[in-house]
Amino acid sequence: MKAAVLACLGMGIAATPSVHGQSPAREPFNVVEAGIPQLRRAMEEGRTTSHEIVQQHLLRIAVYEDRLNAVMAVNPGALRGAEALDRERAQGKVRGPLHGIPIALKDNIHTLDMPTSGGVLAFQGLRPPYEATLTRLLREAGAVIIAKTPMTELAHWVSDGMPANYNAVSGHGMNPYDPRRDPREATFDGRPALTTGRSSSGTGTAASFWAANVGTETTGSILGPANQTMLAAIKPTVGRVSRHGIIPLSADQDTAGPMARSVTDAAILLGALEGPAPDPNDPAAKACTPPPNRDYTAFLKADALKGARIGIPRAFFYDKADVPGSQELRGALNPERARVMAEAIAILQQQGAVIVDPANIPSVLETDRARNPLAWDICEKAKGQDADCSVVLKYGFKRDLNQWLASLGPAAPVKTLT
C-alpha cells in the first residue's frame, strides 16, 4: 500500500509542476484536523491548492497506513483529478463546497477507477461496469475520490463470529485511538484492541487520510464506526441518498451517509450525496425532497435544540427489561455508560431540549413474544435452523445480492449467490 501511494505521488508530481508550484514565501497549509470549510477557504485565499491538499493526505496514508489498515485502495488518478479541479478554479469555475476536497468511499460503493470488492475474495479486483449514483454526484460536486475504506466482509452477513471490520481481502482495520492488536488469548487473532465499530470504518477520516468519508448502513455501520472513532455522522432516511451502484445487504434498510469530523462537514457532504432530482435507478428516491440548493448547512443553528422533544427509551436500552421467552432480564447500560448518558441528557436540557423520560418503545414492552423484536435474533443461521429468528434481512439479502450480480453483466465474477 505504501509503495502504491508513493508511486501515485511521484506520478502526480512529474505530471504538471506548473499547476501546483508553491512559492517559498508562502506559509505551508496543514491538512491535519482541517475541516471542509477550512480547506475550501485556504484554496479560495490562494494559500493552498487541491493538488497540495490531496498530496498531503496521500503522504499521511503512506506514513501511517501500515499501522492502521484504513485503506482498501488508493485512486491512482487522485492527483490528476485535483490538478484538473485547480485549473477549473483558476478559470473561475467552482462546482460547490466540495470543489477539490478529498473524500473516501466504502468498498461496496461502485467506482470506475478503483476496484469494488465488498471485502470478498470472489469480488477482489472487480471493476463494475457503472459507477454508483452517489459517486457521480460527488464528482459533479468537485470532490476528489481519493480512496476506498474497509468494511466487514459483505456487511457481516456471510459468517458467524467474524470480528467487526474484518474482511478476507484486507484483514483487520485498526482504531487510530489505540492501534494495538488485541493481546488477550481468547481474541488474539490480529483484531484491534479497540474496535473500529462494524463496517465502513471511520479510521481514515479520524487520522486525516482524507477530509470525510461515505459509509453505508443497514443496522449500524454508519453510526457504530462514527461512535468508535469520534466522528459526526448521519444515517439518512432510506432513499434520500441513492442506493444504485452499492453492493446491498437488504435494500429495504440500506442507506449511504456521511461520516466526518464535524456536524458542519457531515451536512456539507450530505448535500452533495443527495441528487437534485430522484434517481430513476432507485425507486425509494421518490419519497424524499432535498432542501433548497441541497444545502443542509442552513439548518445548523446553535439554538436548534430549544423546544425539541427528545425521548429516552429506558426499557432495555438504559434499564433491564423482561423479554418474553427469556429466563432473565436483558439489556441495560453498565454504570459507566449510564453516567455518560446522564451527562448527555443534562446537556440537552441545558440547551433547551424538552426531555420525555421515559419514552419507551411500545414493541419492547410487548408481552406477546411474537410481537416483541427483542425476542427475535437477526437471522444469520443456515436454512432449517432459523425458526427462532427474523428472516427479513436474510430474504432481502438473497433477493438483492442476486439482482446486483445480474446488474454487473459479463463483469460479474460469479453469477448468483448460490
Where a residue in segment 298-322 is under 30 Å from residue 372 (Cα atoms) and its partner, wherever it lies, is open to solvent by less than 70 Å² (accessible area, probe 1.4 Å) and among the polar types (S, T, N, Q), with Cβ under 7 Å and at least six apart
313/360; 314/360; 315/360
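Being hydrophobic (A, V, I, L, M, F, W, C), outside any helix (DSSP H, G or I) and open to solvent by less than 10 Å² (accessible area, probe 1.4 Å), is that true of even one residue in segment 299-317? Lay out the reasoning, then the answer.
Our first condition is that a residue be hydrophobic (A, V, I, L, M, F, W, C); within segment 299-317, this holds for 299-300, 302, 304-305, 308, 310, 312, 315-317.
Next, from what is left, pick out any that are outside any helix (DSSP H, G or I): 300, 302, 304-305, 308, 310, 312, 315-317.
Still in the list and also open to solvent by less than 10 Å² (accessible area, probe 1.4 Å): 312.
Within segment 299-317 (the criterion being hydrophobic (A, V, I, L, M, F, W, C), outside any helix (DSSP H, G or I) and open to solvent by less than 10 Å² (accessible area, probe 1.4 Å)), the answer is yes, since at least one residue qualifies.
Looking only at segment 119-145, which residues are within 27 Å of residue 280 (Cα to Cα) and within 15 Å of the chain's Cα centre (by Cα)?
In the first step, residues of segment 119-145 are kept if they are within 27 Å of residue 280 (Cα to Cα); the result is 123, 126-145.
Correct list: 132, 134, 135, 138, 145.
Quick check on residue 176: is it free of Cβ contacts under 8 Å to residues at least 40 places away in the same chain, under 21 Å from residue 63 (Cβ atoms) and not hydroxyl-bearing (Ser, Thr, Tyr)? Steps first, please.
Numbers: free of Cβ contacts under 8 Å to residues at least 40 places away in the same chain: no; under 21 Å from residue 63 (Cβ atoms): yes; not hydroxyl-bearing (Ser, Thr, Tyr): yes.
No: the conditions fail for residue 176.
Of everything in segment 388-400, what is of a type in the set (A, V, I, L, M) and open to solvent by less than 50 Å² (accessible area, probe 1.4 Å)? Give them in sequence order. Quick ask: steps written out before the conclusion?
Taking segment 388-400 and keeping what is of a type in the set (A, V, I, L, M), we get 391-393.
The one that is of a type in the set (A, V, I, L, M) and open to solvent by less than 50 Å² (accessible area, probe 1.4 Å): 393.
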Pair list, Cβ < 9 Å and 6+ apart or interchain, from segment 350-375 residues that are without any contact (Cβ under 8 Å) to a residue 24 or more places away in the chain to residues that are among the aromatic types (Phe, Trp, Tyr) and surrounded by 12 or more Cβ atoms within 10 Å (Cβ to Cβ)
370/376
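Return the only residue of 139, 67, 60 being touching a Phe, Trp or Tyr at 6+ places or on another chain (Cβ under 6 Å) and either among the acidic types (Asp, Glu) or open to solvent by 30 Å² or more (accessible area, probe 1.4 Å) (or both). Full working, then the answer.
Values: 139 fails: touching a Phe, Trp or Tyr at 6+ places or on another chain (Cβ under 6 Å); 67 fails: touching a Phe, Trp or Tyr at 6+ places or on another chain (Cβ under 6 Å).
Only one candidate passes the filter, namely 60.
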For segment 371-418, the count of residues that are modelled with pLDDT under 90, among the polar types (S, T, N, Q) and assigned to a helix (DSSP H, G or I) equals 0
I'd like the full set of residues that are open to solvent by less than 60 Å² (accessible area, probe 1.4 Å) and not β-branched (Val, Ile, Thr), limited to segment 350-387.
352, 353, 359, 360, 363, 366, 372, 374, 375, 379, 382, 386
Of all the residues that make up segment 144-158, how many are open to solvent by 10 Å² or more (accessible area, probe 1.4 Å), in a loop (DSSP other than H, G, I, E, B) and of a type outside the set (Val, Ile, Thr)?
1
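Here is a check on your reading of the model: is residue 278 within 30 Å of residue 37 (Cβ to Cβ), loosely packed, with under 11 Cβ neighbours inside 10 Å and in contact with a helix residue (DSSP H, G or I) (Cβ under 9 Å, 6 or more places away or on another chain)? Steps first, please.
Values: within 30 Å of residue 37 (Cβ to Cβ): yes; loosely packed, with under 11 Cβ neighbours inside 10 Å: no; in contact with a helix residue (DSSP H, G or I) (Cβ under 9 Å, 6 or more places away or on another chain): yes.
Judged against the criteria, residue 278 is not a match.
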Residue list for segment 39-57, restricted to those being of a type outside the set (Lys, Arg), open to solvent by 50 Å² or more (accessible area, probe 1.4 Å) and within 25 Å of the chain's Cα centre (by Cα)
56
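Hey, could you check segment 384-402 for residues that are in contact with a helix residue (DSSP H, G or I) (Cβ under 9 Å, 6 or more places away or on another chain) and not aromatic (Phe, Trp, Tyr) and say which is nearest to residue 153 (Cα to Cα)? Show your work before the answer.
Looking only at segment 384-402, we keep the residues that are in contact with a helix residue (DSSP H, G or I) (Cβ under 9 Å, 6 or more places away or on another chain), and these are 386, 388, 390, 397, 401.
From what is left, the residues that are not aromatic (Phe, Trp, Tyr) are 386, 388, 390, 401.
Numbers: 386: 22, 388: 25, 390: 21, 401: 14 Å.
Restricting to residues being in contact with a helix residue (DSSP H, G or I) (Cβ under 9 Å, 6 or more places away or on another chain) and not aromatic (Phe, Trp, Tyr), the top hit is 401.
The values are calculated or read from the model by the stated rules, or taken from the named source; none is laboratory data. Given the structure is predicted, the values throughout are model-derived calculations rather than measurements. We place every Cβ from the backbone using ideal geometry, glycine too, and count neighbours over all the protein chains shown. What goes into the accessible areas is simple: the full protein's heavy atoms, side chains included, and nothing from ligands, DNA or RNA. Shrake-Rupley method; radii C 1.70, N 1.55, O 1.52, S 1.80 Å.
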